[in-house]
Structure formats: structure tokens, C-alpha cells
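Novice: Sharing a structure with you now.
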Amino acid sequence: MSVLEIRDLHVSVDTEQGAKQILRGVNLTIKQGETHAIMGPNGSGKSTLAYAIAGHPKYHVTSGSIVLDGEDLTQATVDARARAGLFLAMQYPVEIPGVTVTNFLRTAKTAIDGSAPPIRTWVKDVRTSMENLRMDKAFAERNVNEGFSGGEKKRNEILQLELLKPQFAVLDETDSGLDVDALKIVSEGVNRAKENTGLGVLLITHYNRILRYITPDFVHVFVAGQVVESGGPELAVQLENDGYDTYVAASAAAA
Ligand code: ADP
Ligand code: MG
Ligand code: MG
């Protein structure tokens with residue numbers, strides 16, 4: 001059974017004023033097939049956690065570790081993390097001018113698997129996944145994220161998720177900016193990956209809305225760079241009703 005372990009993770013980010021400490025000891029254990037939701041106020045460090053797991057060069061792990069199936073990935077390159085089975089869907093996906101969706105996917109798949117996917121099954125897989133996500137065929141020949149609407153960017157990320165078949169995915173506000181129909185389609189894509197490949201998910205979100213479609217096994221409240229409370233799906237409902245104020249106040253009092 002596959003397991004992703006975040007141990008006492010401290011992360012600082014490079015800013016124009018120098019390094020700034022954002023994560024202050026994050027502990028999370030995500031097993032294969034589990035979905036963990038991270039909920040917290042703006043600026044609490046949720047995206048920083050996502051970037052640190054993905055290996056973004058601006059985010060430095062100052063102590064603690066990221067371990068996947070016993071393999072320490074804390075200092076691994078972005079490529080090595082992807083090959084090990086990690087996937088990040090970013091809050092703000094980047095444009096890749098001159099690279100089409102189809103070429104990007106094939107290149108990424110080849111890099112991750114170590115060999116090019118057989119062309120026939122690959123073309124079929126891409127087509128099926130695009131149909132599942134209700135994406136227009138013409139989409140495949142467009143440059144990655146160039147001129148994509150918010151919803152198209154999110155679908156494109158789930159398309160990558162379906163085809164690259166990672167073991168663990170970090171989804172950073174994948175629900176933001178989606179209308180209900182797109183939210184359902186995107187959630188179905190994540191649920192298919194959970195069923196088909198036992199995907200483990202770290203789902204970062206502001207809203208309980210997406211959790212109606214992707215049921216979390218655990219919900220974690222994130223404040224000031226730490227997990228301050230963990231529970232089941234009922235915690236998300238409580239947060240939606242009561243907000244983060246009590247957690248923010250308790251965290252400030254403890255600091
Ligand atoms: P969240 O995703 O929870 O809204 P972030 O991880 O984006 O929070 O940000 C946490 C804190 O770190 C914020 O105060 C933010 O301004 C700061 N921060 C994150 N990334 C950078 C960066 N690249 N440069 C400067 N400050 C950053
Ligand atoms: Mg946990
Ligand atoms: Mg964020």
C-alpha cells in the first residue's frame with residue numbers, strides 16, 4: 001500500500017525582502033485511495049504546501065520531510081517527484097506557448113513512464129479521457145493553457161491526471177471558478193482516478209461545495225502554516241457554518 005508522508009514540514013519562500021517562513025511544522029499521512037481535504041483562510045500557506053510537495057524552486061524546505069513509499073523526496077527535482085508518482089494541479093496553471101495539449105501530454109507521459117506510450121492505445125486513451133471530461137476535440141491542438149478559460153484550465157489538469165496516472169495528486173483550489181456542471185465533470189474525473197488507480201488526493205479548497213462530489217476521508221483545518229484540527233467530513237460542514245475565526249484566534253494566542 002502506497003503512502004505519502006509529510007513530516008514536520010517547515011518551508012520558507014523567497015521574497016523580495018528575503019526568505020519568509022510560511023509552513024511551521026505540517027504533519028500529514030495520506031494513504032493510497034484516501035482523500036484529505038485541506039481548508040483554511042487566505043494566506044494560511046495552503047498553496048505553499050502544494051508547491052513544496054511539488055518541488056517548486058522558490059519554496060525551500062528548511063526542516064522536515066516529504067516521503068513517498070519510504071523514498072525521501074524532500075530535495076528531489078520536480079521531474080523525479082513526477083516519476084515517483086506525485087502530481088500537482090496548480091491554483092494558477094501556467095501557459096506553455098508553442099506546445100500543444102497533445103504534445104505536452106505525450107512528452108510528460110514518456111518522461112514519467114520512461115518510455116513512449118504505444119501510439120494506438122495512447123490516442124484512444126486521450127480521446128476517451130477528453131470525451132469523459134466533455135472537452136472538444138479541437139482542444140488537443142491548442143497550446144497548453146493559452147487563452148483557456150478558468151474551467152478549461154481545470155479540465156486540462158484533470159485530463160493530465162487521468163492520463164499520467166500518478167499515485168498522489170495535490171489539487172489546489174481545482175473548484176475555484178467552476179460552474180456547477182464543470183465542477184461535476186471535474187469531480188467525476190477525480191473520482192474515476194480514485195476508483196481506477198487508487199489515487200490518493202490532497203484536496204485544497206475554500207468551499208464545502210466540491211466535497212459534496214469528492215467525499216473526503218479526512219478534513220484538516222489549516223491556519224498560519226499548520227494543521228490545527230483534523231476530523232471527518234462533518235468538520236467541513238462545521239467550517240462552512242462557523243468559519244475559521246475560532247481557529248485563527250486560537251492559533252494567534254498560541255503564537
Ligand atoms: P494560501 O494558498 O493559503 O492562500 P499561500 O501559500 O499562497 O496561502 O501564501 C501564504 C503566505 O505566503 C502569504 O502571506 C503569501 O503572501 C506568502 N507567499 C507565498 N508565496 C509567496 C511568494 N512567492 N512571494 C512572496 N510571498 C509569498
Ligand atoms: Mg492525515
Ligand atoms: Mg492558495
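Novice: Extension gain A19-Q32, at 0.36 nm per residue separation less the Cα-Cα distance, in nm? Please list the in-between numbers first.
Specialist: Values: separation 13, 0.36 × 13 = 4.68 nm, distance 3.39 nm.
Gain in length upon complete extension: 1.3 nm.
Novice: Only helices at least 24 Å long along their axis, Cα-based, and averaging -1.0 or more on Kyte-Doolittle count here, so list those DSSP H runs from the chain.
Specialist: Helices passing the filter in the chain: 180-197.
Novice: Relative to the Cα centre, what is the charge dipole magnitude of the chain, using +1 at the beta carbon of each Lys and Arg, -1 at the beta carbon of each Asp and Glu, and rounding to the nearest 20 debye?
Specialist: 660
Novice: What does the net charge come to around A111 if you take all other residues with beta carbon closer than 9 Å to its beta carbon, with K and R at +1 and D and E at -1?
Specialist: Within the 9 Å Cβ shell, the charges total 0.
Novice: Can you tell me the Rg and the Dmax, both Å, for the Cα atoms in the chain?
Specialist: 18.0, 60
Novice: So which lysines can K194 reach, going by Cα to Cα under 16 Å and dropping same-chain residues fewer than 8 places off?
Specialist: Candidates past the 8-residue exclusion: K31, K165, K184.
Novice: So, one more: Just add up the charged neighbours of I66: K/R +1, D/E -1, any other residue whose Cβ is under 10 Å from the Cβ of I66.
Specialist: In short, -1.
Novice: Decide, for the stretch 92-137, between rounded, prolate and oblate: order the square roots of the alpha carbon gyration tensor eigenvalues as a ≥ b ≥ c, take rounded if a/c falls under 1.5, and otherwise choose prolate if a/b is larger than b/c, else oblate.
Specialist: It is oblate, given that a/c is not under 1.5 and a/b is not larger than b/c.
Novice: Under a Cβ-Cβ cut-off of 15 Å, what is the net charge of the residues other than E240 that fall near it, where Lys and Arg count +1 and Asp and Glu count -1?
Specialist: -3
Novice: Per residue and in Å³, how big is the convex hull formed by the alpha-carbon atoms of the stretch 1-105?
Specialist: Per-residue hull volume (Cα only) is 132 Å³.
Novice: Calculate, in nm to one decimal, what E141 and N191 gain on full extension: separation in residues at 0.36 nm each, minus their alpha carbon distance.
Specialist: Working: separation 50, 0.36 × 50 = 18.00 nm, distance 2.64 nm.
Working it through step by step, the gained length comes to 15.4 nm.
Novice: Counting pairs of alpha carbon atoms under 8 Å apart in space and at least six apart in sequence, what relative contact order in percent does the stretch 117-255 give?
Specialist: Relative contact order comes out at 18 percent.
Novice: Moving on to the next point. Using the basic label-point model (7 angstrom from Cα toward the beta carbon), what is the A249 to Y207 distance in nanometres?
Specialist: So the two model labels end up 2.7 nm from each other.
Novice: Continuing with this model, one more query. Could you tell me the relative contact order of the chain? Use alpha-carbon pairs under 8 Å, at least six residues apart, and round to a whole percent.
Specialist: In percent, rounded to a whole number, it is 26.
Novice: For the chain, which longest stretch is free of loop sites, where a loop site is one of the trypsin sites (Lys or Arg not before Pro) that DSSP puts outside H, G, I, E and B and that has at most 13 other Cβ atoms within 10 Å?
Specialist: 135-255
Novice: So how far, in whole Å, is the C-alpha centre of the stretch 134-198 from the one of the stretch 1-44?
Specialist: Spelled out, the Cα-based centre of one part sits 23 Å from the other.
Novice: Sticking with this one: Straight-line reach from K20: which lysines have a Cα under 25 Å away, not including same-chain ones fewer than 8 places off?
Specialist: Partners found: K46, K58.
Novice: In whole Hz and in residue order, list the ³J(HN,Hα) couplings for the stretch 226-231 that follow from phi through the Karplus curve 6.51 cos²θ - 1.76 cosθ + 1.60, θ = phi - 60°; x for Gly and Pro.
Specialist: 3J(HN,Hα) across the stretch 226-231, in whole Hz: 9, 7, 9, 7, 10, x.
Novice: Simple spin-label model, 7 Å along Cα-to-Cβ: H60 to V94 in nm?
Specialist: With each label placed 7 Å out from Cα toward Cβ, I get 2.0 nm.
Novice: Find which of G150, G177, L133 sits farthest along the positive direction of the dipole of the chain, computed with +1 on the beta-carbon of Lys and Arg, -1 on that of Asp and Glu, about the Cα centre.
Specialist: My answer, from the dipole projection, is L133.
Novice: In the stretch 134-178, what chymotrypsin sites (Phe, Trp or Tyr not before Pro) fall in a loop by DSSP, with at most 13 other Cβ atoms inside 10 Å?
Specialist: Values: sites: F139, F148, F168; in loops: F148.
Within the stretch 134-178, no chymotrypsin sites (Phe, Trp or Tyr not before Pro) qualify (loop, at most 13 other Cβ atoms within 10 Å).
Novice: Here is a further query. May I ask for the longest run of the chain untouched by GluC sites (Glu not before Pro) that are loop-located per DSSP and have at most 15 neighbouring C-beta atoms (other than their own) within 10 Å?
Specialist: It works out to 147-255.
Only the coordinates and a few stated rules stand behind these numbers; no lab work does. Remember, it's a predicted structure, so these values are computed and weren't measured experimentally. Ideal geometry is used to build each Cβ from the backbone, glycine not excepted, and the neighbour counts take in all protein chains shown.
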